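The values are calculated or read from the model by the stated rules, or taken from the named source; none is laboratory data. Computed from a predicted model, the values in this text were never measured in an experiment. So basically every Cβ, Gly included, is an ideal-geometry build from the backbone, and we count neighbours across all protein chains shown.
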Amino acid sequence: MAEAALPARLPRLGAATWIVALAVFLAFAVLGAAAFPWAFEMPRAWHVPFAAWFGGFVKWLLNDASFGLFTFAGLTRFIAAALELPYRIVLGILSTGWPAAGLPPLPWFGVIGLAGVLGHRAGGWPLAALVAACLGFIALFGFWDSAMLTLASIVIAVPIGIAGGLALGLLAHRVPWFARAIAPVLDLMQTIPVFAYLVPILILFGFGPVAAIVATLTYAMPPMVRVTMLALARVPAEIVDLGRMVGCSRRQMTWRVMVPAARDALMVGANQVIMLSLNMVIIASMIGAGGLGFDVLSALRRLDFGAGLEAGFSIVALAIALDRLGQGLARLRSAPPTGGSWAARHPHLLAGLAVVLLSGAAALAWPGARAFPEAWQLSTGDFWSRVMREINVTYFDTLEAIKTTLLVNVMIPVKRFLLGLPWLGVAALLAFAGWRLRGAGLAALAGGLTVLIALTGLWEQAMTTVYLCGFAVAFAMLIGLPIGILAAERDWLWSGVRAVIDTLQTLPSFVYLMPAVMLFRVGDFTAMLAVIAFAVVPAIRYTVLGLRGVDPRIVEAGRAMGCTRRQILWRIRFRLAMPEIMLGLNQTIMFALSMLVITALVGTRDLGQEVYIALTKADAGRGLVAGLNVAFIAIIADRLIQAGAARMRARLGLEGAASGPAA
Amino acid sequence: MQVKTGHPRPTARLVCRNVWKLFGNRPKAWLERHGPSPSAEALAAAGMVAAVRGVDLEVREGEIFVIMGLSGSGKSTLVRCLSRLVEPSGGEILYEGRDLLSMSEAEIMQIRRHKMGMVFQHFALLPHMSVLENVAFPLEVQGVARGERDERARRMIALVGLEGREAAFPRELSGGQQQRVGIARSLAADPELWFLDEPFSALDPLIRREMQVEFLRLQRMLHKTIVFITHDFDEAIRLADRIAIMKDGMIEQIGTPEEIVLSPATPYVTEFTGAVPRAKVVRLATVMVPAEGPAPARHLPADATVAEAAPAFRAGADRIGVTDAEGRLVGQVHRDAVVDLMLGG
């Protein structure tokens, strides 16, 4: 759908065959209903009860599964205990203290001081100031206690996520069959909506912070595995040769050569783990993590936009502090031991200890100092609520008119059309696209997954998802492309736009829902707006990256030939940036699908709703099947677009030059 | 340029016999089935791509053996076969009388640690280590204690003229300096075999020239057995004791620069030699005639090139004497012979 927004001439892919295929498809869709009713609505008898099977499997895991020496339930209990212990310790330090022993938690100024010392060690005074300011912001808006709960689970989840992802990535790099086995699992993990595996985790680990940490790990680890594999594969061949030539053992090769040489790329992965863990914070609060996520969620339920925004920005502040600290620490080199006393060599350790002891003593002596004084706290909640009310009162009719017009004239007809399409025809058309773009393998994948969706009996919900996602993506591209084109040519604009989209990306997705709900109430239109706001980020980012990434020598050649600015943009930059923009489209679709599940909270009727219902009913099978369907849609879209982009790259002679970074 | 005219032939240190490297489906087994030297047609029919085809060569003790070829000629693959960074599909590689290809991974690791050093085209410095740590890295891998390895690394850094930069990081150095670090590192473990894979190709022409001079200076001090890869024929002529010219995975010709320039074996070799000024390659030993008449006023060693001898004639001398390594008069060169050679190209 979004292709319509791309004005440059698309490469010809045997246009005639496409037209014929589309015509056949449409003719079948319009005329075939009478002759082949089963191709339009799959008979109930054909549906495969995947949900019941999955549900049964999870039950079996919980009750009967055994590995000989221990049962599966025993294993999950062991994992839970292994996570619980460090979590309790960190939580005790940051939040609860140990009342039984009479020990208070570290007071707010102690935590900020400690973070400042760490920041100074990792990046000097500027970083210390930044980290302290971020935490100060949280305290100022009164989210300190929640933030410490969240921080405790992050402090546990992030190192495990990074170490586990690194370990799996290293294993995949060393053992080719493991890499082949893990690739489809990673694909699924990154496309299944989080809600879908919340239920099994809930069943296996019970309600509470440990289940939330497990869910966070499940969500945040796959990108680290993928980044690790990619980073190791990209270590220059000469460096590998060097390691072998000086006679490195396997261990030396890994830890002295490969991992350090891939460090920059690995840092990107670590950053992803931090960001995704914080993204997960809200969703994890649904299964008992509490903390900032719970604040956002309850603000959403109360429709208190201001409070939600503040809690959301507190999450962003935490994300920035953790990310910068992590990057700074990773950039540190092990300084060679210099002379001087032990104290002179470890100033930061000493300062940290001093902060802990002094603030701890202060907290013991004056219990009143433990919490951030309420009188100092700020809130902008009222202001935002007033703004919203103001907009609603003044522009209610206009907003309502916009919504109704769009819904009645555009969205609903398209929805009807899509819901009326035969599953068999859609499967055939997608298989045809796969065959034209790459070959029989892709055709089988696209067609097969489509049929599988139909077999689960969720065809209607799936098409509703496609419809919502399609609209959101089309609008996101319509907004993102012009902004991207404008920003690509102007440095000042791009630095501004980048700051905004970086913030948008770290802002938890739930926050987008609130203004949309407050202005347009619940329904498809609201959901679509929230999805657009979330998915416009990759549309802009990839457009700019693509346009800016065009080889400057080619642009120079164009200028030398006397091209006007406009000609350079449309005839040179845009053509060459097409593959990158296609990847942007791909990412936009992925973002939109992940957001769609969340918009189930505002009453859509798509697969997201199915997942959400399953979550509230703790029905593991139903949630997983609906989640897998979302993943299938994502995989079909992803593979078709990747194939198209690859063809385009080959045509432009850019083979292998551009490859999509994991976003 | 260090041809020791009249000396006994030095012993071969590294010998290749019929070395093959094929890419395709199970190349080793295929090569065993299809005899020691399959034809190009047989290779094509089996879908095999040959990077190295039946290479025979020997590298002698203390010589600079240059393998020269254009990109895709298989020279980099061949040098990696010599250290088994690339596993050859067939043939023998003998070092100290033992076949490297039949060694276990642990044995070859010991050989690489103690007997081989390698310099890479793009330097292959580890970005997270300082110059000192990079140079000490081969020793660290061997488990040499910190004090000793730092001391040896410092000596190597001084040897390549980078004193004072020990604490710098690779990214802070120019290309030429980075390759000096690469050279120092490859020498840190005091290897006997020294592989250099296009070490100066990524450098600017002036720096390249400077590094070539530096390289010859080091070799005069160290007397390593060297395999030097290059795509630059002039560089090969300037540095080599002997040159092997490669094309399509095969050796076209092996010989001293003089032999190759004066009698190219194939039309392909002729294409390179055509543009080379002979005076810079041909040595006095080749153009001298038996000494007769009164002793000439000036003498030059037999391994000097004609171009080096030319200034001696400027004073008006008609002939100069040629001496061997011990300084004995072995012949003389006439002005006419020199002029002919220089004008003839």
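Is at least one residue of segment A:561-583 closer than 30 Å to A:L458 by Cβ and in a helix (DSSP H, G or I)?
For segment A:561-583, residues closer than 30 Å to A:L458 by Cβ and in a helix (DSSP H, G or I): present.
If you take the residues in segment A:54-64 that are loosely packed, with under 13 Cβ neighbours inside 10 Å and not acidic (D, E), which one is nearest to A:A428 (Cα to Cα)?
Within segment A:54-64, the match that is nearest to A:A428 (Cα to Cα) is A:W60.
Which residue out of A:F195, A:F178, A:F205 is among the aromatic types (F, W, Y) and surrounded by fewer than 21 Cβ atoms within 10 Å (Cβ to Cβ)?
A:F178 is the lone residue from the list that is among the aromatic types (F, W, Y) and surrounded by fewer than 21 Cβ atoms within 10 Å (Cβ to Cβ).
Quick check on my filter: what residues within segment A:249-266 are assigned to a helix (DSSP H, G or I), within 23 Å of A:D323 (Cβ to Cβ) and modelled with pLDDT of 85 or more?
Listed by number, the residues that qualify are A:V259, A:P260, A:A261, A:R263, A:L266.
If you scan segment A:590-632, which residues turn out to be acidic (D, E) and in a loop (DSSP other than H, G, I, E, B)?
Residues satisfying the conditions are A:D606, A:D619.
Consider A:A433 carefully, then state whether it is assigned to a helix (DSSP H, G or I), in contact with a helix residue (DSSP H, G or I) (Cβ under 7 Å, 6 or more places away or on another chain) and under 30 Å from A:R651 (Cβ atoms).
yes
Yes/no matrix, rows are residues, columns are (1) within 18 Å of A:T503 (Cα to Cα); (2) touching a strand residue (DSSP E or B) at 6+ places or on another chain (Cβ under 9 Å); (3) modelled with pLDDT under 80; (4) crowded, with 19+ Cβ neighbours inside 10 Å:
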position: A:G308; (1), (2), (3), (4): yes, no, no, yes
position: A:A311; (1), (2), (3), (4): yes, no, no, yes
position: A:A319; (1), (2), (3), (4): yes, no, no, yes
position: A:S341; (1), (2), (3), (4): no, no, yes, no
position: A:S359; (1), (2), (3), (4): no, no, no, yes
position: A:A365; (1), (2), (3), (4): no, no, yes, no
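Take segment B:86-131 and flag every residue that is away from chain A (no Cβ under 14 Å) and surrounded by 18 or more Cβ atoms within 10 Å (Cβ to Cβ).
B:P88, B:S89, B:G90, B:G91, B:I93, B:Y95
Quick check, is A:L325 exposed (fewer than 11 other Cβ atoms within 10 Å of the Cβ), under 30 Å from B:E133 (Cβ atoms) and not polar (S, T, N, Q)?
When the stated conditions are applied, A:L325 does not pass them.
Can you say whether A:T450 is under 25 Å from the mean Cα position of the chain (by Cα), in the same structural domain as A:V544 (by TED's automatic domain parsing) and in a helix (DSSP H, G or I), as far as the supplied structure shows?
No; evaluated as a whole, the condition is false for this residue.
Looking at A:M518, A:M477 in this structure, which one is buried (at least 22 other Cβ atoms within 10 Å of the Cβ), touching a helix residue (DSSP H, G or I) at 6+ places or on another chain (Cβ under 9 Å) and assigned to a helix (DSSP H, G or I)?
That would be A:M477, the only listed residue that is buried (at least 22 other Cβ atoms within 10 Å of the Cβ), touching a helix residue (DSSP H, G or I) at 6+ places or on another chain (Cβ under 9 Å) and assigned to a helix (DSSP H, G or I).
Is there a residue in segment A:239-254 that is within 14 Å of chain B (Cβ to nearest Cβ), farther than 21 Å from A:F534 by Cα, surrounded by fewer than 24 Cβ atoms within 10 Å (Cβ to Cβ) and in contact (Cβ under 8 Å) with a residue 60 or more places away in the chain?
yes
Anything in segment B:58-85 that is of a type in the set (V, I, T) and more than 14 Å from every other protein chain (Cβ to nearest Cβ)? List them, or say none.
B:V59, B:I64, B:V66, B:I67 - these are the residues of segment B:58-85 that are of a type in the set (V, I, T) and more than 14 Å from every other protein chain (Cβ to nearest Cβ).
Any chance you could count how many residues in segment B:33-73 are at pLDDT below 90 and either surrounded by fewer than 16 Cβ atoms within 10 Å (Cβ to Cβ) or assigned to a loop (DSSP other than H, G, I, E, B) (or both)?
Count: 18.
Determine whether B:L139 is hydrophobic (A, V, I, L, M, F, W, C) and away from every other protein chain (no Cβ under 13 Å).
When the stated conditions are applied, B:L139 does not pass them.
State yes or no: is B:A153 touching a helix residue (DSSP H, G or I) at 6+ places or on another chain (Cβ under 9 Å), surrounded by 17 or more Cβ atoms within 10 Å (Cβ to Cβ), of a type in the set (G, A, S) and not in a loop (DSSP other than H, G, I, E, B)?
For B:A153, the condition - touching a helix residue (DSSP H, G or I) at 6+ places or on another chain (Cβ under 9 Å), surrounded by 17 or more Cβ atoms within 10 Å (Cβ to Cβ), of a type in the set (G, A, S) and not in a loop (DSSP other than H, G, I, E, B) - is met.
If A:M267 satisfies all but one of (1) farther than 24 Å from B:I108 by Cβ; (2) crowded, with 23+ Cβ neighbours inside 10 Å; (3) not acidic (D, E), what's the number of the condition it fails?
(2) is the only condition that A:M267 fails.
Of the residues in segment A:263-274, how many are more than 10 Å from chain B (Cβ to nearest Cβ) and either of a type in the set (S, T, N, Q) or closer than 24 Å to B:Q121 by Cα (or both)?
Adding up the residues that qualify gives 3.
Step by step: first the residues of segment B:154-188, then only those that are small (G, A, S) and within 11 Å of chain A (Cβ to nearest Cβ), then the one that is farthest from B:R208 (Cα to Cα). Which residue is that?
Per the stated criteria, the residue is B:A167.
Could you tell me which numbered condition B:I111 fails, if it satisfies all but one of (1) touching a Pro at 6+ places or on another chain (Cβ under 6 Å); (2) assigned to a helix (DSSP H, G or I)?
It is condition (1) that B:I111 fails.
Looking at (1) in contact with a helix residue (DSSP H, G or I) (Cβ under 9 Å, 6 or more places away or on another chain); (2) within 26 Å of A:A487 (Cβ to Cβ); (3) among the hydrophobic types (A, V, I, L, M, F, W, C); (4) touching a residue at least 24 places away in the same chain (Cβ under 8 Å), which is the only condition A:V602 fails?
(2)
Before we move on, is B:F228 closer than 28 Å to B:I254 by Cα, of a type in the set (A, V, I, L, M, F, W, C) and touching a residue at least 60 places away in the same chain (Cβ under 8 Å)?
For B:F228, the condition - closer than 28 Å to B:I254 by Cα, of a type in the set (A, V, I, L, M, F, W, C) and touching a residue at least 60 places away in the same chain (Cβ under 8 Å) - is met.
When you scan segment A:277-285, do you find a residue that is buried (at least 24 other Cβ atoms within 10 Å of the Cβ) and either outside the structural domain of A:T228 (by TED's automatic domain parsing) or over 16 Å from the mean Cα position of the chain (by Cα) (or both), even just one?
yes
Got a sec? Which strands (runs of 3 or more DSSP E) wholly within segment B:203-308 have at least 2 residues that are charged (D, E, K, R) and in the same structural domain as B:G182 (by TED's automatic domain parsing)?
Because the criterion is at least 2 residues that are charged (D, E, K, R) and in the same structural domain as B:G182 (by TED's automatic domain parsing), the strands (runs of 3 or more DSSP E) in segment B:203-308 that meet it are B:242-247.
Output the residue which, of all residues in segment A:223-238 that are part of a helix (DSSP H, G or I) and either more than 30 Å from A:N279 (Cα to Cα) or among the polar types (S, T, N, Q) (or both), is farthest from the other protein chains (Cβ to nearest Cβ).
Within segment A:223-238, the match that is farthest from the other protein chains (Cβ to nearest Cβ) is A:T228.
Identify all residues within segment B:142-153 that are away from every other protein chain (no Cβ under 14 Å) and over 17 Å from B:R113 (Cα atoms); write none if there are none.
Across segment B:142-153, the qualifying residue is only B:E151.
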